[in-house]
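Written out below as structure tokens is the structure these notes cover.
Read-outs throughout are calculated quantities, based only on the coordinates presented, and are distinct from any laboratory measurement. If you're wondering where the values come from, they're calculated on a predicted model, not measured in any experiment. Here the Cβ positions follow ideal geometry from the backbone for every residue, glycine too, while neighbour counts run over all protein chains shown.
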Amino acid sequence: MLNIPDKEEISIHELGSWKIKEGSWLFSKESFIDYVLSLIKELNPELQNIYTYSQKVVNGVRIGEGGTGTVYKENKTIPHGLFPEKVDGDSVNLFYKLDEVYYLVKTNIFSDGTITLSRLEDPVQLSVEEFEGLAMQGMITTVVPLNARVHIYGLGSFTVDECFYSISLTDKLLQIKDVFRELRGELSTLDICREAHQDYLDNPTADNKEKLRISYEAVPSHHRRYVGDMDVKDTQVRMILYGKQEVEGWSHYQVAQAMGEQLPTINIPDSND
């Protein structure tokens, strides 16, 4: 998201994609890297212990894994305590509307039931009830009107010229509820659906099919593709629930069809009823 030319697309992870105009950016790609490096050197002049890199072997193939950041906050029970409690969390992207400007915020969700909107000059601390109230007021949203201004703290701003797609707010709120479940050690809607899928494959009855339908449709729409593996995604589930013609939406099927090759198939069990 650095120095994007006007009339080009900006894609924001699990939020949406827009064509921009009137962009105003603080950095180029090169200058931003230099800026980040200068901050790291200020905090860690020797650049020690800042990289995490590991490898694993999967089916005989060596795969490198880069370290990823974690979301947490410190809960100090004693004002000047040396060992504050670490409260685990996770985050999603959303827009925070304030004075007709849409701020791209990092919505940090914590296991103690609180939410912090960061990527702002002054982060906003919220309870779940307060957050839901902002969503009802339209201050928390996934939709940015055409010609509205979007501000990304520390990077720049742009005006929306066209929306290619955006995840619905309903789905993002369902995703946040899933995050809370996982932070409490509970099964997410995706986990529940995977179990229901396997139950149907093991015992394809009408009752198990209905349980699969309920659990599948409870998963946030943008996460349903993760029910299956990386190749099949949710195609097999959709074929079970909505008919064998759903295979036509499978990317492998569409590629084979476009190239005039033999069409791939996905097997689904016959009902026991």
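Numerical summary
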read-out: Mean Cβ neighbour count within 10 Å, used as a protection proxy, ranking 162-173, 108-119 highest first; value: 108-119, 162-173
read-out: Label corresponding to Rg and Dmax of the Cα atoms in Å when calculated from the structure given, among [x] 17.8, 53; [y] 22.6, 69; [z] 20.5, 66; value: [y]
read-out: Amide proton proximity set for S91, modelled H, under 5 Å, gap of 5+; value: I109
read-out: Segment 187-258, relative contact order [Cα under 8 Å, separation at least 6], %; value: 25 percent
read-out: Computed [θ] at 222 nm, deg cm²/dmol, the chain (DSSP H ≥ 4; -39,500 (n - 2.57); rounded to nearest 500); value: -9500 deg cm²/dmol
read-out: Inter-centroid distance (Cα atoms) of segment 196-273 relative to segment 105-167, Å; value: 34 Å
read-out: Relative contact order of the chain, pairs being alpha-carbon contacts under 8 Å that are 6 or more residues apart, as %; value: 14 percent
read-out: Partner lysines for K172 [C-alpha distance under 25 Å; skip if fewer than 8 residues away on the same chain]; value: K19, K73, K97, K106, K211, K233
read-out: In nm, spacing of pseudo-spin labels at D202 and E186 (7 Å Cα→C-beta vector); value: 2.3 nm
read-out: The chain: DSSP helices with Cα axial extent of at least 15 Å and average Kyte-Doolittle hydropathy no lower than -0.5; value: 29-43, 169-183
read-out: About the Cα centre, charge dipole magnitude for segment 187-258 (Lys/Arg +1, Asp/Glu -1 at Cβ), debye; value: 200 debye
read-out: Charge dipole (debye, nearest 20) of the chain; +1 at Cβ of Lys and Arg, -1 at Cβ of Asp and Glu; value: 280 debye
